[in-house]
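Here's the structure, in structure tokens; my notes come after.
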Amino acid sequence: MTLEDFTEFADDGDESVSPRDTDAGSSSGGDDGADPDSDGDAETDATEDDTDTDADPFAAYDVAPSGTDRGLGVVSVSQGLRVAEEDDETTLRAFVTTGNREAVRLGTYLLVPYPDGERLFCRITGLEYAQEFQSDDATEIHARRQMRRDDFTERDYKFMAELEPMSVIYGDGDDMKRRMTDRVPKPGAIVEEAADDAEIKTGLKIPDEGVFLGHLSVGGEKVRTAAEPPTVDYRVKDDYADGDPLAFRHTLVAGGTGSGKTHASKNVLRQYLDADRTYPTGDGRESQMAVVQFDPQDEYAQMHDDNPAIDADTARRLEREGIAHGGHDDSVALVPRVANATYPGEGHRAERVEFTIPFSLARDMPWLVAGSGLNENQYPALLTLLNRFFRDYGDSGTYSQFLSYLDDPALKEELDESGRVHEATFDAVKRRVRGVPGGVFDQDAKPITDLDHTLVRPGGLSVIPTYHLPTSRQKEIVVLAVAGLLVDDKLSNDPDSDRIEETPLLIGMDEAHNFLSDADNVQARKVVQTFTEAAKQGRKERLGLFLITQDPQDIAESVFKQVNTKVVLNLGDEDAIQSVNIPSNLAGKVPYMEKGQMVVYSPDNSEPVELIGLSTCVTRHG
């Protein structure tokens, strides 16, 4: 409460006059305020009064405070001070001093020292103005006083920050470690913003080495430290020292249109293709990873080329941070040959190799020729027909021959009379098979089964573009045929290709919701079952899934729950946000994130954090 709170407001907008102003400006001896005993030289008297410091009780003195302020504020016990095993029973608040209030943001990382040198690492989860004095600021006098001012008197209020303990940091340098919060800080302990790269990484459990994803941020601004470079790089574990590399425990990149998910995905995939990044194989050798990327928009083959926007200064900065950049020379566009479809491929300089899907793949993947939903009776009938066909024609049997095979009335009669396939079921399967779009199987190009050494190359990027294919069903057949071929050889005890089986492999699938969604028909369940098994076995088989989607809620739950690392960019759909199952404090930020901002939730790597990706793509983009 200040003297101004007692000021009365005059009518008609007159300025208020305080009692002290009245006393100083008037006298009981005269209307003009002059002393009746004076000689009329008021100016002289005033000057004499001003020089008489002994008579002035309000004289000012220069006083310098002792020492300097440190930190943002201090731990407060005004509303309790408690650290508990249950988060909702923890009470930890800090008073933030007037000069620091504008710089404080939700999510800011802080350090609170203990007397013995250990530090409590925490973050701000709430900010609040509280009353400083036992007075009510919801009054006419207070409101009108504020309305006539341009500033805000911070000292009239307490500014309190609610803190969430995250870990206790102890040790120094390379010996710095973290443990769960098990101590309460002292009342009045100084609260400082975390500004040491090593302390922040230790507090958040961020590895020093691994695959770079972005820079740590709070509220869309990069966290700054006293180190050089001043940013905090976020990386995911990529060796076997602390368990399996997270690449083989699968990654999901989710973001809406324009969120920058393709840009971010290219930057991450380029790190996996770095020449220095190798993985042990079953026979004790070290091998680079092969990346096979399914590309519905013809964007990933651009990774072959350098980004002209990366100048010398940017390149040096990336090199200092250990971020791989530049076009990847060992990039090949494996183009599916489909009748009446031409691939222009004008946006990149990568080598092009055409291939076709041989019908023989349908022997192990019968769902490729199920043109629409098959029920529980029809699917076994399809298996019977395929097995009989390949028994008679061998692996050289074509899709066209299979259609002619189904036109044989004697076959239909024989299967019906033997009770193996009812004639109505036979007709239903025949209609479904004929519903498969033509021109996909057995085209004038090399079968993909003969291109395993081109498809999977240690350190190589193979891009499968599908945007030139006329129908979504054709795209689905191509993607599932090639992906199924890779998965089968990875999981098989008797693989057709030793190259695929032995090479560490990352399968990137853009618009993954189109291929791995839950459905009621049998073939869709078989597809999901195949990739669920791939996700479960990926760790020991050195197989990773890198799924990219704008509709994460449509990906089958059995596949989704095997994903360890989730990279979430801007999503506007509430169902999509809920489906990625990230902590609520970060989920609330997702609809407001700008292009390139992301939330990373990787429980086996770090605490959930907010990041900003590289503003410049490390390869050509766009």
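The values are calculated or read from the model by the stated rules, or taken from the named source; none is laboratory data. As the structure is a computational prediction, the values presented were derived from the model and not from experiment. Quick reminder, even Gly has a Cβ in these numbers, built from the backbone with ideal geometry, and neighbours come from all protein chains shown. Heavy atoms of the whole protein, side chains included, go into the accessibility calculation; ligands, DNA and RNA do not. Shrake-Rupley method; radii C 1.70, N 1.55, O 1.52, S 1.80 Å.
Scanning region 574-622 for residues that are loosely packed, with under 15 Cβ neighbours inside 10 Å and either small (G, A, S) or in a loop (DSSP other than H, G, I, E, B) (or both) yields N581, P583, S584, G588, E594, P603, D604, S615, G622. Among the residues making up region 311-325, those that are touching a residue at least 60 places away in the same chain (Cβ under 8 Å) and either over 22 Å from V253 (Cβ atoms) or in contact with a His (Cβ under 6 Å, 6 or more places away or on another chain) (or both) are T314, R317, L318, R320. So which of F159, F133, F212, F121 is of a type outside the set (G, A, S) and surrounded by fewer than 13 Cβ atoms within 10 Å (Cβ to Cβ)? So the residue among F159, F133, F212, F121 that is of a type outside the set (G, A, S) and surrounded by fewer than 13 Cβ atoms within 10 Å (Cβ to Cβ) is F133. Quick one: is S462 of a type in the set (G, A, S) and more than 25 Å from F248 (Cα to Cα)? No: the conditions fail for S462. Checked against (1) modelled with pLDDT under 95; (2) charged (D, E, K, R); (3) touching an Asp or Glu at 6+ places or on another chain (Cβ under 7 Å); (4) within 30 Å of H328 (Cβ to Cβ), D416 passes all but condition (4).
The single residue among D69, D151 that is loosely packed, with under 11 Cβ neighbours inside 10 Å and of a type outside the set (G, A, S) turns out to be D151. Out of all the residues in region 277-306, which are out of contact with any helix residue (DSSP H, G or I) (no Cβ under 9 Å at 6 or more places or on another chain), touching a residue at least 12 places away in the same chain (Cβ under 8 Å) and in a loop (DSSP other than H, G, I, E, B)? Those that are out of contact with any helix residue (DSSP H, G or I) (no Cβ under 9 Å at 6 or more places or on another chain), touching a residue at least 12 places away in the same chain (Cβ under 8 Å) and in a loop (DSSP other than H, G, I, E, B): D298, D305, D306. Taking the listed residues F560, F531, the one that is more than 30 Å from E286 (Cβ to Cβ), out of contact with any His (no Cβ under 7 Å at 6 or more places or on another chain) and among the aromatic types (F, W, Y) is F560, with no other qualifying.
Per-residue answers, yes or no, for (1) within 14 Å of F441 (Cβ to Cβ); (2) in contact (Cβ under 8 Å) with a residue 40 or more places away in the chain:
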position	(1), (2)
V332	no, yes
T342	no, yes
E354	no, yes
F359	yes, yes
A381	no, yes
S396	yes, no
Y399	yes, yes
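Taken over region 219-230, residues that are among the β-branched types (V, I, T) and either within 19 Å of T125 (Cα to Cα) or free of Cβ contacts under 8 Å to residues at least 24 places away in the same chain (or both) amount to 1. Listed by first and then second residue, the pairs linking a residue in region 548-568 that is assigned to a strand (DSSP E or B) to a residue that is among the polar types (S, T, N, Q), with Cβ atoms under 7 Å apart and 6 or more places separating them unless they lie on different chains, are I548/S265; I555/S517; I555/T549; T565/T251; T565/S602; T565/N605; V567/T251.
One line per residue, one yes/no per condition, for (1) farther than 26 Å from A512 by Cβ; (2) open to solvent by 20 Å² or more (accessible area, probe 1.4 Å); (3) polar (S, T, N, Q):
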| residue | (1), (2), (3) |
| --- | --- |
| E221 | yes, yes, no |
| T231 | yes, no, yes |
| Y234 | no, no, no |
| D244 | no, yes, no |
| K261 | no, yes, no |
| S265 | no, no, yes |
| L269 | no, no, no |
| A275 | yes, yes, no |
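Are any of the residues in region 231-247 more than 30 Å from K540 (Cβ to Cβ) and either free of Cβ contacts under 8 Å to residues at least 40 places away in the same chain or of a type in the set (S, T, N, Q) (or both)? Yes; the residues of region 231-247 include at least one that is more than 30 Å from K540 (Cβ to Cβ) and either free of Cβ contacts under 8 Å to residues at least 40 places away in the same chain or of a type in the set (S, T, N, Q) (or both). Restricted to region 412-451, and to residues that are out of contact with any strand residue (DSSP E or B) (no Cβ under 8 Å at 6 or more places or on another chain) and basic (K, R), which residue is nearest to T342 (Cα to Cα)? In this case the residue turns out to be R434. Against the conditions (1) polar (S, T, N, Q); (2) within 14 Å of the chain's Cα centre (by Cα); (3) surrounded by fewer than 22 Cβ atoms within 10 Å (Cβ to Cβ), S558 satisfies every one except (2).
For K566, state whether it is surrounded by 18 or more Cβ atoms within 10 Å (Cβ to Cβ), farther than 28 Å from Y379 by Cα and either touching a Pro at 6+ places or on another chain (Cβ under 9 Å) or hydrophobic (A, V, I, L, M, F, W, C) (or both). Spelling it out, K566 is indeed surrounded by 18 or more Cβ atoms within 10 Å (Cβ to Cβ), farther than 28 Å from Y379 by Cα and either touching a Pro at 6+ places or on another chain (Cβ under 9 Å) or hydrophobic (A, V, I, L, M, F, W, C) (or both).
Restricting attention to region 512-522, does a residue exist that is over 27 Å from the mean Cα position of the chain (by Cα), open to solvent by 10 Å² or more (accessible area, probe 1.4 Å) and more than 23 Å from E557 (Cα to Cα)? Among the residues of region 512-522, not one is over 27 Å from the mean Cα position of the chain (by Cα), open to solvent by 10 Å² or more (accessible area, probe 1.4 Å) and more than 23 Å from E557 (Cα to Cα), which makes the answer no. When the test is whether a residue is at pLDDT 90 or above and outside any loop (DSSP other than H, G, I, E, B), L120 passes it.
Where helices (runs of 4 or more DSSP H) fall entirely within region 369-481, those with at least 2 residues that are open to solvent by less than 40 Å² (accessible area, probe 1.4 Å), closer than 30 Å to R499 by Cα and not aromatic (F, W, Y) are at 452-455.
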